[in-house]
1. So what is the calculated 222 nm ellipticity per residue for the chain, using -39500 (n - 2.57) for each DSSP H run with n of 4 or more, over all residues, to the nearest 500 deg cm²/dmol?
2. Leaving out ligands, DNA and RNA, and with a 1.4 Å probe, what % of the accessible surface on region 314-378 is carbon or sulfur?
3. Leaving out ligands and nucleic acids, and using a 1.4 Å probe, what accessible area per residue does the chain come to in Å²?
4. Could you tell me which of Leu276, Trp151, Gly6 has its Cα farthest along the dipole of the chain towards the positive end, charges placed at Cβ (Lys, Arg +1; Asp, Glu -1), taken about the Cα centre?
5. Give a residue-ordered list of calculated ³J(HN,Hα) values for region 326-337 (Karplus: 6.51 cos²θ - 1.76 cosθ + 1.60, θ = phi - 60°; whole Hz; x for Gly, Pro).
6. Compare the peptides 270-279, 358-367 by average per-residue count of other Cβ atoms within 10 angstrom and give them in order, highest first.
7. Search the structure for amide H atoms under 5 Å from the amide H of Leu311, placed 1.01 Å from N in the peptide plane, and list their residues when 5 or more places away or on another chain.
8. Can you give the direction-averaged projected area of the convex hull of the alpha-carbon atoms in region 303-408, in nm²?
Amino acid sequence: MDVIVGTAEFIVNNVLNQPAYLVGLITAIGLIALRRSAGQVVGGGLKAAMGFLILGVGASTVVSALEPLGKLILGATGARGVVPTNEAVVALAQEQFGAQVAWVMIAGFAVSILLARFTPLKYVFLTGHHTFFMATLITALLALAELSAVWMILVGAVLLGTIMVVMPAFTQPWTRRVTGGEDVAIGHFGSIGYIAAGTVGRVVGKRSKSTEDMKFPEGLKFLRDSMIATALSMVLIYTVAALAMLGRAGKKEAFAVMDVASVGEYIMAGVMQALLFGVGVAVILFGVRTILGELVPAFNGIAAKVVPGALPALDCPVVFPYAPNAVLIGFIASFTGGLASLGVLMAFDAPLGLALILPGMVPHFFTGGTAGVFGNATGGRRGAVVGGFVNGVVITFLPALLLKVLGSLGLANTTFGDADFGWFGLSVGYAVKLGSVGGVLVIALIVLALLGGAIAFQRLVVDRGWNPAAAREAHFAEPGKDKEDSGPRSVPATS
């Protein structure tokens, strides 16, 4: 039995939880299905895997550059509370439920493939670390129902497999609008925030031009380069935050954040982190292009042989190249929404016993940036701003509510940061409080409701080609209106 458990944990921790390996294997399988030569199979698989590693390098650079910025902003505001961190809560839960999580993840991935094969929800969720996070959340919550090990794995697998095919379906009309109809979907559990951003963008931005269509004076045309614009914007943000903390907390605390000894070093350390942030974003964009250039063509082989018509559901940075300006706008707006929500919680003295959720820079960058792209796709600049802000509100209040459920598991000091963990965790968490029998029955109803709703949405909305930005496109198509390229920017595949 120990060998079987050890094998399952090895597969989860070293293959399924490593997006590079998973995507490389999927690409290789697709190329084999297309009857490519051995060299093409090996080369395509390696290139797709390296694309994900490139994306990971960019993401790590961005995360390391954002860490001191978060400390500067919190030091400048004096705010205290819980910073949602997926990795932290998963690490704590793994100590109690490691083996069960491994089995739930493996079985859940199998369930998602079966659902993609035999239902209209033709999405294969390839974001391994998010699958791992969700498997951990589901397993930890099911432990409250005191189910047997077998029942925990079966119920957990069904829940995980369901959410893995349902959420890409619900986001697909907006994803398709962002990508211009390319054969890719979003596989990231921040989807409710993206749907909300696309929806409010549709409401507020009918007449708003795209973030990517900004007009610059002759002397400022260099700002059309997204890498330069991102870096300069972050230099400004870093400098303001650094000076604000210096003024509020004094030299000792401020210098400790950047590990420097003088004001000049302190400011220039912030400038360096801002430039590294810009480099990280540029690396992410290159990694995404590399992945799409290899994975999407190879995926046609899998779709033809295993899951006909399937789309790969990929991590949220896959949309960044389509609207780089919107990424930065969405990030700033989302962080602002998080600060505003924190202010509301503090003003009402943390109502209902909710924890004070501090805006974490990492979730606000990745989910806020994605929300900005979705908001821009349906509502231009206004959509990017308002959509990002709404995402910031969502990923403040949902983690605060989820924390009340996780507290009963001894995980009261941290919580998940992305939106879908919040609403899905709350649904499962309150269901299991009904006991083993009642909880499983309510969970069955949740699964049926999600699958039924997603299948209906797929058939009535996605398959019929509903365009969430149709009104905006019609407005700019009217004679006499300012013209803009209202469609998304294409992402050239690398050779």
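The values are calculated or read from the model by the stated rules, or taken from the named source; none is laboratory data. Computed from a predicted structure; not experimentally measured. Heads up, the Cβs are rebuilt from the backbone with ideal geometry, glycines too, and the neighbour counts pull from every protein chain shown. The accessibility values were calculated without ligands, DNA or RNA, using every heavy atom of the protein model including side chains. Shrake-Rupley method; radii C 1.70, N 1.55, O 1.52, S 1.80 Å.
1. About -24500 deg cm²/dmol.
2. For region 314-378, the apolar C and S fraction of the accessible surface comes to 75 percent.
3. Solvent-accessible surface per residue comes out at 40 Å².
4. Checking the options against the dipole of the chain, the answer is Leu276.
5. 5, 4, 5, 4, x, 4, 5, 5, 5, 4, 4, x
6. 358-367, 270-279
7. HN-HN under 5 Å from Leu311: Tyr123, Val124.
8. That works out to 9.0 nm².
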